1. Return the sequence-ordered ³J(HN,Hα) values of segment 155-163 in whole Hz as given by the Karplus equation 6.51 cos²θ - 1.76 cosθ + 1.60 applied to θ = phi - 60°, using x for Gly and Pro.
2. From a point 7 Å beyond the Cα of ALA17 in the direction of its Cβ, which residues of segment 101-118 have a backbone N at a distance under 17 Å?
3. Under the rule of -39500 (n - 2.57) per DSSP H run of 4 or more residues, summed and divided by the residues of the chain, what mean residue ellipticity at 222 nm is obtained, to the nearest 500 deg cm²/dmol?
4. Let me confirm the definition first: pairs of Lys residues in the chain, 8 or more apart or on different chains, C-alpha distance under 21 Å. How many are there?
5. Set the Förster distance to 35 Å, then compute FRET efficiency between GLU112 and ASN133 from the Cβ-Cβ distance, nearest 0.05.
6. Non-local amide H neighbours of VAL135 (under 5 Å, H modeled in plane, Pro and chain starts lacking H): which ones?
7. Provide the packing ranking of 162-171, 34-43, 128-137, i.e. peptides ordered by the mean count of other C-beta atoms within 10 Å per residue, highest first.
8. Take the alpha carbon gyration tensor of segment 45-129, find the square roots of its eigenvalues, order them as a ≥ b ≥ c, and report rounded if a/c is under 1.5; if not, report prolate when a/b exceeds b/c, else oblate.
Amino acid sequence: MARTPSNMLPIGTKAPAFNLLDTVSNSRMSLAELKGDSATVVMFICNHCPFVIHVNSQISKLANDYSSKGVNCIAISSNDVENYPQDAPHLMREVALKEGYSFPYLYDETQEIAKAYEAACTPDFYVFDSNLNLVYRGQLDDSRPGNGLPVTGEDLRNAIDALLNNESINPNQKPSIGCNIKWKN
């Protein structure tokens, strides 16, 4: 398992716009229509990465816990499906249904959106405020496959809670660690 860290996009960066295929509904969706009233969580994930598989139930729980508070979650997969066919859109739909994702699971076929967000790994998490300015980027929590720590979503939840409560967000943000995004040649 490769252990690639987040690039840590600068705080304050405006969320890059997108219009991507939602693999569950089979329709195109934009950031403008998906953004939350209070916050928007953008997650770069994929089907096959052991780091994502390790946190799948927590990201589903987190999305459900915050949806009534004006926080919308959006998942994007940008992997090269020619060389990683297990990440193909029809299989993304299967994973979303199996895992109970209550959020769209978008396919970034050109990989332009991953590049715009400077995404490096799966999972990679970004929290944007109501104006789509970046307030948090980095890890879900300290748990990794095999390290024995429980998956709590603590780091991401603390950032969202601080944003919702109009409190300062901890500036000491740890990069996520995961499989590198599978870039096209």
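1. 5, 5, 4, 4, 5, 5, 4, 4, 4
2. Counting backbone N atoms under 17 Å from the label point, the list is 112-114, 116-117.
3. -7500 deg cm²/dmol
4. Summing the qualifying lysine pairs gives 11.
5. Once rounded, the FRET efficiency stands at 0.95.
6. GLY12, VAL127, PHE128, ASP129
7. Values: 162-171: 11.8, 34-43: 20.3, 128-137: 18.3.
Top of the packing list down: 34-43, 128-137, 162-171.
8. Here segment 45-129 falls in the oblate category.
Here, each number is a calculation from the coordinates, and none is a lab measurement. Computed from a predicted structure; not experimentally measured. Cβ atoms come from the backbone with ideal geometry, glycine included; neighbour counts cover every protein chain shown.
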